[in-house]
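Written out below as structure tokens is the structure these notes cover.
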Amino acid sequence: MQRVSPYCLAYNTMEYKARLWNVPLGGDWLQACMGTEQKIHNRTVERPDRCEDRGQNDVYWGYWRIGFDEPECITRWGETWDKGCVRLGVHGVEAPMWGQKYNDDWYQMCWTTPGHLPGISNDFGFPNDCQQRNEEGGGMIGVWEYHDGNCHL
């Protein structure tokens, strides 16, 4: 079992792969691969998300997308910016995302990072939008909008 890449696919998520071995002569390699359990982080994962035939004498690899126990893939939100009323009945809040690595999938990390914002007791859920605002790294911003009856503009 090995990581496909050192980079994160989403919040708390990485991809692993393993080569399939010992399928009996004449056996169905794809079926065997799709039925293979794998122990990852001391948890049994029922089957791979996908299997690939590498075209080298029935060499199959199983791929597992693991969304637990991946601490290097846990991003968080920085200090929030209250944008006030952004349109009639809607209030806006923004926050920078922290903890991503340079080659992680930043948009996917942003879309999947829980909305526990510093200084706000409510869980805002996942962002309504994610925006890259700085080319030099660290510039991913989560945007939340919520109903606010006091926004009369």
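For (1) of a type in the set (D, E, K, R); (2) over 26 Å from the mean Cα position of the chain (by Cα), each residue gets a yes or a no:
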residue: 2; (1), (2): no, no
residue: 8; (1), (2): no, no
residue: 13; (1), (2): no, no
residue: 18; (1), (2): no, no
residue: 22; (1), (2): no, yes
residue: 25; (1), (2): no, yes
residue: 28; (1), (2): yes, yes
residue: 33; (1), (2): no, no
residue: 42; (1), (2): no, no
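The stretch 12-90 holds strands (runs of 3 or more DSSP E) entirely within its bounds, and those carrying 1 or more residues that are more than 29 Å from residue 107 (Cβ to Cβ) map to 14-19, 38-40, 43-45, 50-53, 60-66. Of all the criteria given as (1) aliphatic (A, V, I, L, M); (2) in the same structural domain as residue 91 (by TED's automatic domain parsing); (3) more than 14 Å from residue 78 (Cβ to Cβ), the one not satisfied by residue 153 is (2). Across the stretch 112-129, not a single residue is classified as among the β-branched types (Val, Ile, Thr) and in contact with an Asp or Glu (Cβ under 8 Å, 6 or more places away or on another chain). Tell me the residue from 86, 59, 4 that is touching a helix residue (DSSP H, G or I) at 6+ places or on another chain (Cβ under 9 Å) and either over 21 Å from residue 127 (Cα atoms) or in contact (Cβ under 8 Å) with a residue 60 or more places away in the chain (or both), please. One residue alone meets the criteria, 59.
Pairs are defined by a Cβ separation below 8 Å, a sequence spacing of at least 6 or placement on different chains, a first member in the stretch 91-108 that is assigned to a strand (DSSP E or B), and a second member that is buried (at least 17 other Cβ atoms within 10 Å of the Cβ) and of a type in the set (Ser, Thr, Tyr); the pairs so defined are 93/80; 94/80; 95/80; 97/75; 97/113; 98/75.
Looking at the stretch 115-125, is at least one residue on the phi > 0 side of the Ramachandran plot, surrounded by 13 or more Cβ atoms within 10 Å (Cβ to Cβ), assigned to a loop (DSSP other than H, G, I, E, B) and outside the structural domain of residue 8 (by TED's automatic domain parsing)? Within the stretch 115-125, not a single residue is on the phi > 0 side of the Ramachandran plot, surrounded by 13 or more Cβ atoms within 10 Å (Cβ to Cβ), assigned to a loop (DSSP other than H, G, I, E, B) and outside the structural domain of residue 8 (by TED's automatic domain parsing). Contact map, the stretch 16-44: first residue within 24 Å of residue 6 (Cα to Cα), second residue among the acidic types (Asp, Glu), Cβ cut-off under 8 Å, separation 6 or more or different chains; pairs are 37/46; 41/69; 43/69; 44/37.
The values are calculated or read from the model by the stated rules, or taken from the named source; none is laboratory data. The structure presented is a predicted model; accordingly, all values stated were derived computationally and were not measured. For neighbour counting, all protein chains shown are included, and Cβ atoms are generated from backbone atoms with ideal geometry for every residue, glycine included.
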